[in-house]
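Here is the structure we will look at, set down as structure tokens.
What follows is calculated from the coordinates using simple rules that are stated; it is not laboratory data. If you're wondering where the values come from, they're calculated on a predicted model, not measured in any experiment. Positions of Cβ are backbone-derived with ideal geometry, glycine not excepted, and every protein chain shown enters the neighbour counts.
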Amino acid sequence: MFDDVDSGWEKRVVPADVFLSKIEPGMSIFLGTGVAEPRTLVKSLLTSEMNNLTDLELLQIVSFGDALTFTDRSQDHKFRLKTFFAGWLASEAITSGSIDMIPCRFSHIPKLFESGSIRVDVAFVQISPPDKSGYASLGVSVDVAKYAMEKASIVVGEINRLVPRTMGNTFVHVNDFHYLVQAAEPPIYFPRWPVDDVIDKVAANVAALVDDGSCISFYSGALFEALGRHLARKRHLGVHTYFFTDPLMDLIKCGAVTNRRKNYVRDKSLTSYAQGTPELMKWLHRNPLIDFQGIGVVSDLQRICMNDKVIAILPARKVDLTGGVALHAGKGSATPGPGHTQEVFAGAECSRGGRTIFALPSRNLKGQANILLSVEDYPNQFSNRESLDLIVTEYGIASLIGRTVRERAQALIDIAHPQDRAGLIREAKKANILYADQIYLTDAGALYPQTLTSSHTFAGDLTVRFRAIKPSDEEEMRKLFYRFSDTAVYYRYFSAIKTMPHRKMQEYVNVDYQRFMSIVGTINDSGIERIIAEGRYVRHHDRPYADVAFVVDENFQGRGIASFLLKMLIRTAREQGIEGFTADVLADNKAMLKVFEKAHFPIRAVMEFGVYNLTIPFDDSGESTKHNNSGH
């Protein structure tokens, strides 16, 4: 498949029984990881009937190949597989007791091999054909192979012509091997993942949280397949990841990933493994843009933290209302367990501008809720509630940093499946997580206008994200109210309101999105979502008009936010069949009057008692502004 190789190694190839006869009972055998599993060597070992091949310990960092399949079927207990990664098919085998799981963070594994805590007597490693100088590549799996080779007394290399010659710390010399065999099996490939509409929406919401210049990590799965498509328009992304996959290849090809803003291994994507299609393997061959390093390097916290804006994107199985997370387990899971998740999570936490995201559909494939009152009965729990940042479903984003348990519950209920929300409200009230008088409008969840969500950058490079208001915005809207001056409150409410208690505010944030519509503008303030603006309209009972009002935090006025909000409200109102707005504006509120004038619709204004009563028909035929003073 690949050129510039030396064929002299073929003279050193030996039959399997030559090195299998050297193995003694009780030995520990390291096997190449994942798609780099030396399949010919593994099959020779596991199918051999030699009497000395008994009570053997097989070690593999990530298992989803033949070693797992054969040991799972083994009836004579001649082999016992130990793995460090409870993903893919391994979870079921671990649960059934067929193989052993070693709970360990990836960053600690090299030390276990180097110190001898994990004994290695034999190493079976897959490599590319060596070049004319005798150097071969470890291909798409570096992990701890070199540590294992150094410790083993018997090192066997399986040369596979389909293995790409990857760049980085991947090169080994043929003289490092005691025996060589020629592969009779192709490498393990994985097709592209199918993506359904729900996962695509989850990925779209995750992508909205990834800024240009962010440093990302990927795993296998439909979420990341979809995410790759949604990140295609980003710029100067970086990659620091355990697993390199087809979607990451796509992002490099389209120019979204450049690695120019990374501080560690700039201009290159850093990884330990690759898995995917034959197309990916061909693309990785001699590709200088991908730097393969051992897992001790890729998982090192200090190296990760050197990169700014590290985004940890982690699939979750279940999430509870207090922020507990249950990770995936079982067949098809290609994501890390709690220990590995902690590493990725910690790396993003210590990165300047870093974010952590757990993503999941609101329901599983069986139609069961994924957001629950509690996840205490589920395995693979991630127990770091204190540091949780963002939870994402197809129904939106829940920001948890700095929020109380009650506020977290409200935010998570807002992104649960609409048909599950009423039940969650009831359960949360019984558990004293929510107030007993918490309002919930049954139809509001299904009517939530997700399509309103958008972002815009204003003067001063201020990026504001706009979306429809949610019940969980209660506390942020209270804070916005108390940031207003007395004058601003009077302009908005026409009275000197001094307090905004829970009872009042929860009535304000619970809208039906039909008669009442409210859009908020938010900013990211040190990882916390802050509401800085709100606009709303309320339909009139007797005519196809709606009364409109909006407010902008005084620290952010004068940048065009109010005008942008008004345009959004007009567009939304017209889609709902509303023919115009009415508004009451104090005569001395010149700034607000200018906002309405900039909307470029005709305005009829009548002054009564120092207040302009505005009528704004959505009539494209005219742009004149008429004022009529009644003299009151």
(request) Determine, for each peptide in 512-520, 309-317, the mean count of other beta carbons within 10 angstrom over its residues, then list the peptides with the highest first. (result) 309-317, 512-520
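If we count other beta carbons within 10 Å of each Cβ, what is the order of Thr341, Thr166, Thr451, fewest first?
If I rank by nearby Cβ atoms, fewest first, I get Thr451, Thr341, Thr166.
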(request) Report, ordered by chain and residue number, the aspartates and glutamates lying within cross-link reach of Lys479, taken as a straight Cα distance under 17 Å and ignoring same-chain residues fewer than 8 apart. (result) Glu407, Glu507, Asp525, Glu529, Glu534, Asp553, Glu554
(request) Would you kindly enumerate the cysteines in the chain that have no other Cys beta-carbon under 4.7 Å from their beta-carbon? (result) Cys104, Cys215, Cys254
(request) Can you tell me the FRET efficiency between Asp197 and Tyr482 if r is taken as the Cβ-Cβ distance and R0 is 30 Å, rounded to the nearest 0.05? (result) 0.15
(message) Give me the extension gain from Thr451 to Ser387: residue separation times 0.36 nm, minus the current Cα-Cα distance, reported in nm with one decimal.
(response) 20.1 nm
(message) What do you get for GluC sites (Glu not before Pro) in the stretch 358-439 restricted to DSSP loop and a cutoff of at most 14 other Cβ within 10 Å of the site's Cβ?
(response) Glu376
(message) Can you compute 3J(HN,Hα) from phi for each residue in the stretch 560-571, using the Karplus curve 6.51 cos²θ - 1.76 cosθ + 1.60 with θ = phi - 60°, rounded to whole Hz and x for Gly and Pro?
(response) x, 5, 4, 5, 5, 4, 4, 4, 5, 5, 5, 4
(message) Taking amide H atoms as placed 1.01 Å from N in the peptide plane, list the residues 5 or more away in sequence, or in a different chain, whose amide H sits under 5 Å from that of Ala533.
(response) Gly521, Asp553
(message) If you take volume of the Cα convex hull per residue in Å³ from the coordinates, which of [x] 160; [y] 197; [z] 209 do you get?
(response) [x]
(message) 5 Å is the cut-off here: which amide hydrogens, built 1.01 Å from N in the peptide plane, fall below it relative to Tyr612, excluding neighbours closer than 5 in sequence?
(response) Val585, Leu586, Ala587
(request) Pop a pseudo-label 7 angstrom from the Cα along the beta-carbon direction at both Ala436 and Arg12 and give the gap in nm to one decimal. (result) 8.0
(request) Per residue of the stretch 33-39, in order, report the coupling 6.51 cos²θ - 1.76 cosθ + 1.60 (Karplus, θ = phi - 60°) as ³J(HN,Hα) in whole Hz, putting x for Gly and Pro. (result) 8, x, 6, 8, 4, x, 5
(message) Using Cβ contacts closer than 10 Å as the measure, can you line up His173, His541 from fewest to most?
(response) His541, His173
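Using r as the Cβ-Cβ distance of Ser21 and Gln302, and R0 as 51 Å, what FRET efficiency do you calculate, to the nearest 0.05? Spell out each step's value before the answer.
Working: r = 45 Å, r/R0 = 0.89.
The computed FRET efficiency comes out at 0.65.
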(request) Go through the stretch 267-279 residue by residue and turn each phi into a ³J(HN,Hα) via Karplus (6.51, -1.76, 1.60, θ = phi - 60°); whole Hz please, and just put x for glycine and proline. (result) 6, 9, 8, 9, 7, 10, 10, 9, 8, x, 8, x, 4
(request) May I ask you to list the aspartates and glutamates whose Cα is less than 12 Å away from that of Lys82, ignoring any residue fewer than eight positions away on the same chain? (result) Glu57, Asp72, Asp100
(request) Name the residues whose placed amide hydrogens come within less than 5 Å of the amide hydrogen of Lys309, ignoring near sequence neighbours (fewer than 5 apart) on the same chain. (result) Arg352, Gly353, Gly354
(message) Which of Thr277, Thr47 has the fewest other C-beta atoms within 10 Å, and how do the rest follow up to the most?
(response) Thr47, Thr277
(request) Per DSSP H run of at least 4 residues, take -39500 (n - 2.57); add these up for the chain, divide by its residues and hand me the 222 nm value, nearest 500 deg cm²/dmol. (result) -7500 deg cm²/dmol
